[in-house]
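Trainee: Just passing along the structure, written as structure tokens.
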Amino acid sequence: MLEMARLVGTPRKGIILQTRAGRNVENSQSCEPDVLTRERYDLLRRKYYSWINRKPACGVYNCFGLVWASRRTAIYDESELSKILTDDGYRRLATEEQIQHGDVILYRLDGNTLHAAMALELRQLQLESSKMPWVLSKWGNVFGEDIHHFLDVPDDIRECSIEIWTDRP
């Protein structure tokens, strides 16, 4: 009986999640990855060998849940992301401003936010180069967490425009 439930799938459950303004945020917790999914994640990590693994493949949350829900759940709807950005006091970083630890990088394509990452630090890769952000990402809702250069992303995200958001005044 339990095997049949696993094959059919179990209903996703969410948690109570609210913005700073007290509005509810729709969310759902993901199932843990199966063996095949873990192998796919390992293949992806081999392709992007400069990534530093922080956490192996796991379920429950996605990149948006990593950034805004403390790894407790996944957020999928674009309107929910807009609600969080507005209610939590985020603003786009001005061109002349320096990105800082805790700022959020959004990867957008055709009006959709495909990925979010949290800035960890600025690193200088070469002696004469400027410092560039390294970020923490969670890939999908069943892959793991990796630290990487903010432009070193999977192929399906490379064409995205990048926006940097902060909750600093």
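Trainee: When only residues in segment 42-75 that are surrounded by fewer than 21 Cβ atoms within 10 Å (Cβ to Cβ) and of a type in the set (Ser, Thr, Tyr) count, which is farthest from residue 105 (Cα to Cα)?
Mentor: So the residue we want is 49.
Trainee: Hey, could you check segment 1-30 for residues that are modelled with pLDDT under 95 and within 21 Å of the chain's Cα centre (by Cα) and say which is surrounded by the most Cβ atoms within 10 Å (Cβ to Cβ)?
Mentor: This residue is 30.
Trainee: Continuing with the same structure: Could you tell me which residue of segment 123-167 is farthest from residue 92 (Cα to Cα), considering only residues that are surrounded by fewer than 18 Cβ atoms within 10 Å (Cβ to Cβ) and either in contact with a Pro (Cβ under 7 Å, 6 or more places away or on another chain) or among the hydroxyl-bearing types (Ser, Thr, Tyr) (or both)?
Mentor: Only one residue fits best here, namely 129.
Trainee: Checking the condition within 24 Å of residue 56 (Cα to Cα) and of a type in the set (Asp, Glu), which residue from 128, 145 passes?
Mentor: 145
Trainee: Among the residues in segment 136-148, are any closer than 11 Å to residue 99 by Cβ and out of contact with any His (no Cβ under 7 Å at 6 or more places or on another chain)?
Mentor: Checked against the condition, which is being closer than 11 Å to residue 99 by Cβ and out of contact with any His (no Cβ under 7 Å at 6 or more places or on another chain), segment 136-148 yields no hits at all.
Trainee: In segment 67-88, is there at least one residue being of a type in the set (D, E, K, R), under 14 Å from residue 145 (Cα atoms) and in contact with a Leu (Cβ under 7 Å, 6 or more places away or on another chain)?
Mentor: No - not one qualifying residue is present in segment 67-88.
Trainee: Which of the residues spanning segment 114-140 are at pLDDT below 95 and either among the β-branched types (Val, Ile, Thr) or assigned to a loop (DSSP other than H, G, I, E, B) (or both)?
Mentor: Result: 124, 125, 126, 127, 128, 129, 130, 131, 139, 140.
Trainee: Cβ-Cβ below 6 Å, separation at least six or inter-chain, first residue in segment 97-122 and of a type in the set (Val, Ile, Thr), second not in a strand (DSSP E or B): which pairs?
Mentor: From residues that are of a type in the set (Val, Ile, Thr), the pairs are 104/67; 105/150; 113/81.
Trainee: OK, next. Inspect all residues belonging to segment 85-101 and state whether any of them is at pLDDT below 95 and either among the β-branched types (Val, Ile, Thr) or more than 29 Å from residue 131 (Cα to Cα) (or both).
Mentor: yes
Trainee: Same structure again: Taking the residues in segment 49-58 that are in a loop (DSSP other than H, G, I, E, B) and touching a helix residue (DSSP H, G or I) at 6+ places or on another chain (Cβ under 9 Å) as candidates, determine which candidate is nearest to residue 26 (Cα to Cα).
Mentor: This residue is 57.
Trainee: Further, regarding this structure: May I ask you to verify whether residue 105 is surrounded by 12 or more Cβ atoms within 10 Å (Cβ to Cβ), under 23 Å from residue 29 (Cα atoms) and in contact with an Asp or Glu (Cβ under 8 Å, 6 or more places away or on another chain)?
Mentor: Yes.
Trainee: Working carefully through the options 54, 71, find the one that is at positive phi, of a type outside the set (Val, Ile, Thr) and under 15 Å from the mean Cα position of the chain (by Cα).
Mentor: 71
The values are calculated or read from the model by the stated rules, or taken from the named source; none is laboratory data. The model shown is predicted, which means the values in this text are computed figures rather than measured ones. Because the Cβ atoms are built from the backbone with ideal geometry, glycine has one as well, and the counts that use them run over all protein chains shown.
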